[in-house]
1. If you roll a 1.4 Å probe over region 203-242 with all protein chains in place, what percent of the accessible area is carbon or sulfur?
2. Of all the accessible heavy-atom surface of region 421-477, with the other protein chains kept in place and a 1.4 Å probe, what percent is carbon and sulfur?
3. Given a cut-off of under 8 Å on Cα pairs at least six residues apart, what relative contact order in percent is computed for the chain?
4. Okay, helix-only estimate at 222 nm for the chain: each DSSP H run of n ≥ 4 adds -39500 (n - 2.57), divide by all residues, round to 500 deg cm²/dmol; what do you get?
5. So if I average 1/r over every pair of distinct C-alpha atoms in region 392-525 and take the inverse, what Kirkwood radius in Å does that give?
6. Mean projection of the alpha-carbon convex hull of region 385-456 over all orientations, in nm²?
7. Does anyone have the angle between helix 2-11 and the longest principal axis of the chain? Alpha-carbon axes, 0 to 90°, nearest 10?
8. I'd like to check one number: the per residue accessible area of the chain, probe 1.4 Å, reported in Å² as a whole number.
Amino acid sequence: TWLLAGTLGMLGGVAPDEAAAVDTSQWKCESCPFEQGTSGTVEVAPTYVSEASNRFGDFSGLDRKGGYLLGNGSVRYRNPDGTYADAAATVFGQDAASVSADAGREGLFRLNAADDALPRHLSEDAMSPFLGNGGSTLTLPAGYPAATTGAMPLASTLQPVNIGYKRSWLDFGGAWQAADAWTVRASVRHMVREGTEPTSGSSLVDAAQLVAPLDQTTDRIQVSGTYSGRRLQATLGYEASLFRNSQDALTWTNPFTVGAIGATSGQLALPPDNEFHQVRATLGYQVLPNVRASADLALGRMTQNAPFLASTLIADLVVPALPATSLQGRVDTLNANVRVSASPTERVRIDASYVHDEHDNRTPSSAYPSVSADMFVGPLQTNQPYSFTHDQVKLGADYRAPHTLKVSAGIDYDAMQRTLQEVGTTHEVVVYARLSAQPVHQLALALKLSHGDRTPSDYHVVASIDPAENPLLRQYNMARRLRDSVGGRADYTVSESVAIGFDVDWSNDNYSDSAIGLTTARTLGLGADASLAIGAKTRLQAFGHTDRIRSNQAGSQLFATSDWAGRNNDAADVIGIGVRHTALADKLELGGDLSYVRTRSDVNIDTGAFNPPFPTASTGRDTLKLFATWRLRDNLTLTGTYWYEHYDARDWQLDGVMPGTVPNLLAFGELPPHYNVQVLRLAMRYRF
């Protein structure tokens, strides 16, 4: 449209005889998007990976050493009558692939389908003596049980276990233009997770890490109808999410010797079947040329009614009967919001919104028997159906002043009402201001300031919590909090070929009324980036960012005032640089990317006596990627890629903790990830 308008405008500015003399027979539109016929690409990419690593292959599927045949392809068809079809397929790695198809007729209907799969690897070098990993029952070989891990025959019974799963999903959908202003849409997604995941079980003071089975499906259904008029737009839709787990429990043999009343086996409930249904309506209306209003309303219901497991597997343990055969869980949800935006003048814009969320937990409250470690019967425990209501009101205004100056300000009000919690209501008010300007042509500045004050109602101890909590405790999400934050950004164009930028973000949280709990939290982020063009053939980009997060908390060992303090210091640093160089015009392009990532976490505990700090937990990742693309012909290219990645982690929770290190813990013995992987890839792409 713009090209046509510009062409007509140029023709309108010349004399009729000059316009008639123009010969357009050889004109060619280089940027017109119109396509006809069939086109596509095919890429074949033999790939070699130098080292096996579950951590490196997480999501990518490149987890084993050796060769892979990767690749992708796509095909497009366009007909002048508006009929079209697209199809694409990609193989990322082992168990990682994607296939999709899309077809229809412009302005009338559309059909689409997709099948995707991704692997997850959740462990590195894990070992276990249990038999039957991947199933619902874990047993042990001869030599078990034993009093401690040191007395177990671990050397002869440990075996590697690969903990992870494959996630795949199948999508079908379509849309139909029922009339000029009406559209009907429908989609279905079937997602499957198959494999294993880590869990643990305990018996009194003994514990074991276990492999739990995964065989879960989630079906999601969406149907909607939309009306889109000149001033009014509306949608009415229905959505359902159905979760099914074919494994309801994991049973394992206790590897530790137990006493007369101890359990020789244990059982854990796995995620139960559940459903979510929601009806949603949206409405948008152009009240005036400069005023628009919109609203959303959604009513939902979550249910969970899977049968209960037995309270214990010990037949001789006398346990009161369960009050019901299932939870009969039900939560009704209400989500509503209204938004209005107006522009009284060309320079002023005002936005206002109100959001209301309700979670009404209608699960029956019953008294359930409690069993500790399959050995002791405790008092009855009553489940507490927690509910909440959340309201948010936002009002903001933007003013675009002369000479590139823009000012924004606003106020946000947040109110939360809770049931069966230590704090019934919290109210928070946040005021903010933003300023952006371009004082000179080469310099752009932006600044944001905000201040928030959250005030809770009286804090009280919930009687149903057993054992009782310290009455001085203030949970951080319900405690009084003052929050101040500052953010800024500066961009400076040194010349046509050089540009640099800087940004800073700082925030400070003060929990002044918390005698026990989180007391302060502070974050600081600094960043810089630059781009440099060296002639017409080479471009260089670089960036760096650092984050520092510090928090302090107070605790009590004696159920009284604070007698110990904890400090957390976390740091993250990221540096990256990339270069692109055209060695031969339209023939050879070279490039590379280098990134450096370091994270660090320190925890210190002060109890008044000498306490050495926890060892530092850290991770480091260095990545280098080089590529060269050679255009053999206009429709045939050859790309070679070299990828090197080094990853090293230090985690005191895992370092040196082998299966028999802790006498009363049968651990996986896995180590933090560490690898040096090189990937070579040669890809040939043909375009037709």
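1. Carbon and sulfur: 56 percent of the exposed surface of region 203-242.
2. 62 percent
3. 9 percent
4. Working: 4 runs with 23 residues, N = 688.
For the chain, the value works out to -500 deg cm²/dmol.
5. Details: mean 1/r = 0.0562 Å⁻¹.
17.8 Å is the Kirkwood radius here.
6. 6.0 nm²
7. 10 degrees
8. Spelled out: the 1.4 Å probe surface of the chain, per residue, equals 57 Å².
The values are calculated or read from the model by the stated rules, or taken from the named source; none is laboratory data. Small disclaimer: the values here were computed from a predicted structure and weren't measured. To get the accessible areas, we keep the full protein, side chains included, count just its heavy atoms, and leave off ligands, DNA and RNA. Shrake-Rupley method; radii C 1.70, N 1.55, O 1.52, S 1.80 Å.
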